[in-house]
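Reviewing the structure listed below.
The values are calculated or read from the model by the stated rules, or taken from the named source; none is laboratory data. As the structure is a prediction and not an experimental result, all values here were calculated from the model. Note that we place each Cβ from the backbone using ideal geometry, even for glycine, and neighbour counts take in every protein chain shown.
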């Protein structure tokens, strides 16, 4: 369209010159806004994806780290019950002379077993050593601390905020791009109508749309 | 009235022909117009080609990022299930068996210290505990029964976790961050490629200027073609480097 416009109107007055200038500027503004939109939308997609992944990671770590922790806790309780039973037998051995030898012997056995169980229980919640053969990810999951979870939650929220920011920026760029499209439609109409048909208001309107589009596009950077 | 034209009228000279524009101007204009038309058309064509390539790379980036989310989910589901199985299905059984075994061993140590009926009671209890931790029952617990997982304190649960993980190496090999990085590269490629269309849009703009301002047409055309070349070269460089 622009070729024909330029071909038909070259050098024929101020209006046609404005037409040529505005068409050229429209092309540059459109290309710039399209690049801004692509950049913003890609950043939005990246942050949005990372935010989703962090949510999955967060819940995975909460669940994954709870199993060793719970396993160690329950096992320690069992060891403690065995130790309490040993203590009870010791008490019984002092108040029941007839059962003294048996209960004292059972108490010693239970006490020793309880000590070994306590030692074993403590290893259940341990983070596997690097040479254990457990992959780094699962070692990291098992070793997840409260601070790690809080940090992940903050990071996830931050990613979500960034995604929202870039989404808004993209929306602004798209709106500005729509204004440029309107401006080019007006310019095309003005070119078709020609200088004698009162095309000046159309060219003026297109210029106004372009100015607004540029301004609106710039506000995207305020996001 | 058949013929009203007089002899004088017939001998009158023909009316003057309209003035013809100088030949040089007629011949000189078309190449300049063609130059503008070619600049505008090639600019639009190059921008369209770049736009197509940008769309392809942009889609690739989106696809890879979505894959990274799916991989993260798959990876998390895998390690949560594997840890759940080892720590809540295998470990409690193994710990109960270890308790029976420890008690049997400790009872065997104290049995000789007592005599008579007390010793019989302790040995009976020891036998029960040995049975509870015997192979017949322990077979249900690889963590307790398998030689590979034995340790000084009882069993090595970390080694069992490693084996459970390595049963499916494909799940261990999942790397969502690597996939995301590939998406980032495709995205950066697309953005840089699209940015080169700004230069080409400037070339287009100078083409329209050349048409709107014939007095400076040659200068505008020169700048326009230079920018078109720069934009095209930039696009090629981005394509090669990215």
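Return yes or no: is residue B:220 within 8 Å of another protein chain (Cβ to nearest Cβ), out of contact with any strand residue (DSSP E or B) (no Cβ under 9 Å at 6 or more places or on another chain) and within 28 Å of residue B:40 (Cβ to Cβ)? Spelling it out, it is not the case that residue B:220 is within 8 Å of another protein chain (Cβ to nearest Cβ), out of contact with any strand residue (DSSP E or B) (no Cβ under 9 Å at 6 or more places or on another chain) and within 28 Å of residue B:40 (Cβ to Cβ). With respect to the conditions (1) in contact with a helix residue (DSSP H, G or I) (Cβ under 7 Å, 6 or more places away or on another chain); (2) modelled with pLDDT under 95, residue B:117 falls short on a single one, namely (1).
Let's see how each residue does on (1) closer than 30 Å to residue A:142 by Cα; (2) touching a helix residue (DSSP H, G or I) at 6+ places or on another chain (Cβ under 7 Å); (3) surrounded by 17 or more Cβ atoms within 10 Å (Cβ to Cβ):
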{"position": "A:71", "(1), (2), (3)": "yes, yes, yes"}
{"position": "A:75", "(1), (2), (3)": "yes, yes, yes"}
{"position": "A:93", "(1), (2), (3)": "no, yes, yes"}
{"position": "A:100", "(1), (2), (3)": "no, yes, no"}
{"position": "A:104", "(1), (2), (3)": "no, yes, yes"}
{"position": "A:116", "(1), (2), (3)": "yes, yes, yes"}
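As a summary of the residue check, residue B:132 satisfies the conditions (1) in contact (Cβ under 8 Å) with a residue 40 or more places away in the chain; (2) farther than 23 Å from residue A:67 by Cβ except for the one numbered (1). Exactly one residue out of A:70, A:94 is without any contact (Cβ under 8 Å) to a residue 40 or more places away in the chain, more than 8 Å from chain B (Cβ to nearest Cβ), in a helix (DSSP H, G or I) and farther than 30 Å from residue B:63 by Cα, and it is A:94. Test residue B:67 against the criterion of being in a helix (DSSP H, G or I), closer than 28 Å to residue A:48 by Cα and more than 8 Å from chain A (Cβ to nearest Cβ), and give yes or no. Spelling it out, residue B:67 is indeed in a helix (DSSP H, G or I), closer than 28 Å to residue A:48 by Cα and more than 8 Å from chain A (Cβ to nearest Cβ).
Against the definition (touching a helix residue (DSSP H, G or I) at 6+ places or on another chain (Cβ under 7 Å), within 10 Å of chain A (Cβ to nearest Cβ) and in a helix (DSSP H, G or I)), how does residue B:203 come out, yes or no? Here the answer is yes, as residue B:203 does meet what is asked.
Set side by side, the residues A:30, A:86 differ, and just one is within 8 Å of chain B (Cβ to nearest Cβ) and in a helix (DSSP H, G or I), which is A:30. Can you tell me which residues in the range B:166-200 are at pLDDT below 95 and facing chain A (nearest Cβ under 7 Å)? The answer is B:172, and nothing else. Scanning the range B:138-155 for residues that are in a loop (DSSP other than H, G, I, E, B), touching a helix residue (DSSP H, G or I) at 6+ places or on another chain (Cβ under 8 Å) and loosely packed, with under 14 Cβ neighbours inside 10 Å turns up B:139, B:140. Residue B:158 passes every criterion in (1) buried (at least 23 other Cβ atoms within 10 Å of the Cβ); (2) free of Cβ contacts under 8 Å to residues at least 12 places away in the same chain; (3) under 30 Å from residue B:49 (Cβ atoms) apart from (3). Residue count for the range B:93-127, restricted to those that are within 60 Å of the chain's Cα centre (by Cα) and at the interface with chain A (Cβ under 7 Å from one of its Cβ atoms): 6.
Set side by side, the residues B:236, B:153 differ, and just one is more than 12 Å from chain A (Cβ to nearest Cβ) and free of Cβ contacts under 8 Å to residues at least 40 places away in the same chain, which is B:236.
Here is a yes/no grid of residues against (1) facing another protein chain (nearest Cβ under 8 Å); (2) under 15 Å from residue A:53 (Cα atoms); (3) loosely packed, with under 15 Cβ neighbours inside 10 Å; (4) free of Cβ contacts under 8 Å to residues at least 40 places away in the same chain:
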| position | (1), (2), (3), (4) |
| --- | --- |
| B:35 | no, no, no, no |
| B:44 | no, no, no, no |
| B:47 | yes, no, no, no |
| B:54 | yes, no, no, no |
| B:72 | yes, yes, no, no |
| B:83 | yes, no, no, no |
